[in-house]
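Visitor: What follows is a single structure, and I will ask about it in a moment.
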Amino acid sequence: MQVLELLTGEYLVYLLIMALAALVHGTMGLGFPMVATPLLALITDVRQAVILTLIPTVIVNVASIAKGGQWGQSIRRYWPLAVYALVGSFLGSHILLLGEASYLRLVLAAMILLYLNTHRFKIGYGDWIRGHLGWSMLIFGSLAGFFAGTVNVMVPVLIIFVLELGLGAVAMVQVFNLCFLSGKLSQIIVLGSYGLLGGNYVQYIIPLCFVTLVFLGAGFTLRKKIEVSTYSKVLRLPLYLIAAILVAQFFLT
């Protein structure tokens with residue numbers, strides 16, 4: 001499988017997508033893979049989109065964990081969630097490479113729609129989750145990692161978990177990025193074992209990482225000046241449109 005077959009115009013679009021996703025993540029504290037993966041999948045495929053965002057996502061997660069402050073507390077309490085996410089991502093990454101790639105568009109669209117409508121879910125299992133934290137971290141961490149491995153999106157599953165658990169905003173963002181990071185490390189191992197991260201991958205990924213880091217910093221600055229709710233409202237319609245286009249592409253190709 002060819003990892004990257006990029007024309008100059010296409011690569012410019014990839015850079016712009018990375019910049020937008022990093023800006024959103026820096027401002028909101030999450031969202032880089034949620035924005036970058038479906039946008040890239042519109043002009044390539046889900047598998048290549050995941051490969052392209054792999055290292056930039058690691059950079060975003062490390063910077064976000066360090067930026068949030070008091071990250072040590074989140075790691076000490078919720079490290080099992082990250083471990084289960086790593087295992088789930090390991091399994092999902094194999095499915096990404098060996099499964100039918102076209103169906104991943106539908107999975108990605110479903111995850112976007114789930115993310116956009118998590119506020120509608122009234123699970124009511126908060127008492128069970130708090131009383132059985134170990135089991136709940138196993139279930140939600142594994143599921144989140146699996147979806148991260150297959151379509152690069154674990155936020156919907158984690159949102160349901162943290163809402164039911166009642167985590168504060170800072171701890172929530174820390175837990176998200178901790179799980180994102182563990183999932184990406186697992187993907188690096190799997191994709192590297194298939195020989196997909198060598199050769200021209202390094203050549204193309206360095207500028208993407210640089211742009212990601214610059215606009216992530218810009219997002220950190222904006223976070224202090226703009227209400228996060230504003231960005232959340234602005235992003236909802238484009239994400240609905242992206243989900244619709246992904247479904248249409250599946251049935252038309």
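Visitor: Given bins 5 angstrom wide, list per bin the percent of all Cα-Cα distances in region 102-185, short to long.
Guide: Values per bin, smallest distances first: 3, 14, 24, 27, 20, 9, 3, 1, 0.
Visitor: Enumerate the residues in region 18-43 having an amide nitrogen under 17 Å from the point lying 7 Å beyond the Cα of THR118 toward its Cβ.
Guide: Under cut-off, by backbone N: 24-38.
Visitor: Still on this model: Just to be sure I understand: with springs between alpha-carbon atoms less than 10 Å apart, which residue in PHE180, PHE32, PHE210 has the highest mean-square fluctuation in the Gaussian network model of the chain?
Guide: Comparing PHE180, PHE32, PHE210 in the GNM, the peak value goes to PHE210.
Visitor: While we're here: Please report the spacing between the Cα centers of region 199-221 and region 136-163 in Å, no decimals.
Guide: When both Cα centres are located, 25 Å separates them.
Visitor: Another question about this same structure. Return the sequence-ordered ³J(HN,Hα) values of region 196-203 in whole Hz as given by the Karplus equation 6.51 cos²θ - 1.76 cosθ + 1.60 applied to θ = phi - 60°, using x for Gly and Pro.
Guide: Working through the residues one at a time gives 9, 10, x, x, 6, 4, 4, 4 Hz.
Visitor: How much length is gained on full extension from ASN200 to TRP135, taking 0.36 nm per residue of separation minus their Cα-Cα distance?
Guide: Going from the current span to full extension adds 19.2 nm.
Visitor: Which of TYR194, TYR84 comes first, and how do the rest follow, when ranked by fewest Cβ neighbours within 10 Å?
Guide: TYR194, TYR84
Visitor: Over the Cα atoms of region 36-180, what radius of gyration and what Dmax do you get, in Å?
Guide: In order Rg, Dmax, the Cα atoms of region 36-180 give 15.0, 45 Å.
Visitor: Hey, fewest Cβ within 10 Å first, where do THR37, THR221, THR8 land in order?
Guide: THR8, THR221, THR37
Visitor: Another question, then. Taking one equal scatterer on every alpha-carbon of region 134-253, how large is log10 of I(q)/I(0) by Debye at q = 0.12, 0.20, 0.23 1/Å?
Guide: -0.66, -1.40, -1.34
Visitor: Turning to a different aspect of this structure: Given contacts defined as C-alpha pairs under 8 Å and at least six residues apart, what's the relative contact order of the chain, whole-number percent?
Guide: Relative contact order of the chain: 37 percent.
Visitor: Listing SER102, SER136 from the residue with the fewest other Cβ atoms within 10 Å to the one with the most, what is the order?
Guide: Least to most surrounded, the residues fall as SER102, SER136.
Visitor: Report the label-to-label distance for SER193 and LEU12 in nanometres (one decimal), using points 7 Å from each Cα along the Cα→Cβ vector.
Guide: Computed distance between label sites SER193 and LEU12 equals 4.0 nm.
Visitor: Same structure, new question: If you wrap a convex hull around the C-alpha atoms of the chain and split its volume per residue, what is the figure in Å³?
Guide: Once divided by residue count, the hull of the chain is 120 Å³.
Visitor: May I pose another question? Using only Cα atoms, find the angle between the long axis of helix 155-165 and the longest principal axis of the chain, and express it within 0 to 90 degrees, rounded to the nearest 10.
Guide: It works out to around 10 degrees.
Readers should treat all values here as calculations from the given coordinates under stated rules, not as data from a laboratory. What you are looking at is a predicted structure, and each value in this text was computed from that prediction instead of being measured. Neighbour counts run over all protein chains shown; Cβ positions are idealised from the backbone, glycine included.
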